[in-house]
1. Using modelled backbone amide H atoms (1.01 Å from N, in-plane), which distant-in-sequence or interchain residues come within less than 5 Å of L168's amide H?
2. Using amide H atoms built 1.01 Å from N in the peptide plane, name the residues 5+ places from W369, or on other chains, whose amide H lies under 5 Å from its own.
3. Given points 7 Å out from each Cα along the Cα-Cβ axis, report the E238 to E364 separation in nanometres with one decimal.
4. What full-extension length gain, to one decimal in nm, is calculated for V217 and V662 as 0.36 nm per residue of separation minus the Cα-Cα distance?
5. So, how do all the Cα-to-Cα distances of region 1-108 break down into 10 Å bins, in percent, from 0 on up?
6. What is the extension gain from W69 to K533, computed as 0.36 nm multiplied by their sequence separation minus the C-alpha to C-alpha distance, in nm to one decimal?
7. In whole angstrom, note down how far apart the Cα centers of region 353-426 and region 671-697 are.
8. Put a dot 7 Å past each Cα toward the Cβ at D457 and I599; how far apart are the dots in nm?
Amino acid sequence: MRLVVALALLALMALFARSGNVSASEADAFRLFNDLPRIFTGIALPMLVIGSPVAIGGVAIAALFQRRWRLAIELVVAGGAGYGVARLLQHVIARPGPAAHILQFHHVAQLVVSDRVTLGTGFPSAALAVSAALATAAGPHVRRPVGRTAWGLVVGVALARMYAGLDLPLDVVAGVAVGWGVGAALNLVLGAPSGHPSRAQVHDALADAGIEVVSLVPSGMGGRSYARFLAKTDAGEELFVKVLGSEERSADLLMRVWRFVAFRGVQDELAFVSRKRSAEHEALLAITAAQAGVRVPHIRLAARGRRGEVFLVEERVRGHTLDDIPVESIDDKVLERVWEQVACLHAARIAHRDLRRHNVLVDEAGEPWLLDFNLAEAASSPRRLHRDVCELLVSLTAVVGPQRAADSAIEALGSDEVLAAMPMLQPLAISGRTLSELPGRQGVIAELRNRVADRLDIEHEPLAQITRVRPRTLIALAAFGFAVQLLLPQVGEFSQTVDAVTSAHWAWMLAAAAAAAATFVAAGLAQRGAVAKRLPLYPMTIVQVACSFVNRVTPAGTGGLGLNERHLEKSGLSRTASLSAIGLNALAGAVVHALGVAIAIAALGQSGIGGTPLPRGWGVLVAVTVGFAIAGIVLLSPLRRRIAGPARRAASDLVHVLRKPVQAVQLFSGNIGVTLGNALALAACLAAFHANADLLKVIVVYLGGSAVASVSPTPGALGAVEAALVAGLTGVGVAAGPAVAGVLSFRLVTFWLPTLPGFFAFRVVRRNQWA
């Protein structure tokens, strides 16, 4: 995280500094420190020395005196790398220091210091890169107060550099980002101390708390950053000691921030203000669970040692966790007892929130115990409790299979409890550690859902919405914003679009709306022609209008397909015949589209496009358009086997329809009407903004643009349609401003506005039970 944030900060500073100029706000910030009285010179000079090669040698020698050879080497490498990266960026960005901007500042108060000390000037500051790299590299190796002091000195160096007139504010911030990134990268590559105390420190901390132990044996790592020890007192009592690492609170905070951003309804509490509070929370929840009748190891102590060690002491329960027990030893009786403990825990409204096999221990008598309540939550919502059930279901499935896992849960918890948890049985609701134990996570979870549904003799429960924002929504927003707000203004000056809108003939928009409305009648006629049975046209047309609403609120246009299929079934067709009719209509539309492109290009070849200079940004638009097409093809390629079979059946049905003239006329004339109506709507929108585009060229552009949009990965082809149509229109000679205004108006008339009448049409369909 430190490395990523440092790189982002450096990129942002480089973006501001790329022009080489100094902004008014940066100049004001510089003067704030540079204009201070010269009485601070005695403080500034030592700070300048700290940000120099002298500091690298000084800290390395200090580490050698303490016999910390590795730290000394890492400090030398970090300081040298920070200096080298900063000097390289100075040559690349080439923004000089304050002295080069003397006319803007009118006066720069500078201290006379040797260049060997200052390390020169410019963006980014090499001195700050060195000092920040040293502080970052040393941080994991020293105690927290020492690390904070080191960063305080980095701030002092930054202020001294501006006071001495050597660096500008952006230089300082970029230098810190370089040093921070170099130090973080070094720690990432070479590794860093865990921050856990040694065995001797834990022994002394326990003694200070009044617990004398005669043996203390490390037992590995647990949780996210827990060190574990097995202890034995002089009275023969066996204890389990859990020591919280120094990075635990940072990891906890990052996890909670991520969960809040990514998932809805997480209801996480704020991160605890200290590790001691975290240990006390775990102890409190474990004691509360024990009082509710759950088997939990007895808590002896939660405290902090004199050196800052935070530890939790509990009585040791001899046994093995479920992930260490052989599969053949996990019989149905053990599973039943595990689920009984979960039921007891949930009866007290306590959610464990990390209910994996690793946190279930089976003692020597075969009784299960629940461990690790560090993430537990009291007074939990049903959603939390259901996730506990799903977590343990999936974790058990990895070793005993979906049948035994599901059957044991239903027997112990009851069918109602397991059924209520089914919407949460999905990968997004399961922890990454549990999913990593599954060989094929999607298939195993689907098999588990099928087993529960079969056992309870019910239909599958719909999955709950886990994420706060769906990936397809982010893709749509990104594509639309990139195409409309970035690409389209690059085609021509934005003022051209504004001028086109202010002088528009709005009567043409009524014609565009009429053409768009006619496409629904044509779509109804086409769907009617795909059915051998004679169906009334009016209900079919209303269904097509309703599709414009349901397609906006369902993924990938599946709502429209489902609505048409339901209408055909209500009209007396079997499901197979209904699906075949929908596939036949789609194939006929593709044939009409392909023939239209061929005919239009042939006709255009007779008249020619004419010599039109390509506008600025044409290459970008073409690249993005092709990118959308390639992305869609790549994303759809895994489905080609599923598509091939229905496509062959639709082709066979098409040959059969061609032998029936009346049905064929309806099918193809309807699809021609849809294509021609949309092309005329685009032409009318362009005419409203004085585009003066040839109708044949507009039809060619529409056919090409909609072909690209048909393989776009974004919902509703947002972004792809806009980019493709503007690229095509400007390529055939339409001015940039009218092209942008016309395309956006076309999308408004044909994509967004029909949603409102579609809503009312959908209500009519439901009221008349047409679907």
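The values are calculated or read from the model by the stated rules, or taken from the named source; none is laboratory data. Keep in mind that this is a model prediction, so the values were computed, not measured. Virtual Cβ from ideal backbone geometry, glycine too; neighbours counted across all protein chains shown. SASA here: full protein model, heavy atoms, side chains in, ligands and nucleic acids out. Shrake-Rupley method; radii C 1.70, N 1.55, O 1.52, S 1.80 Å.
1. G122
2. Correct list: L361, V362, D363.
3. Here the modelled spin labels are 0.7 nm apart.
4. This chain segment gains 151.4 nm when fully extended.
5. P(r) for region 1-108, in whole percents per bin: 11, 27, 36, 20, 5, 0.
6. This chain segment gains 158.3 nm when fully extended.
7. Each part reduced to its Cα centre gives a spacing of 60 Å.
8. Taking the two extended label points, one gets 5.9 nm.
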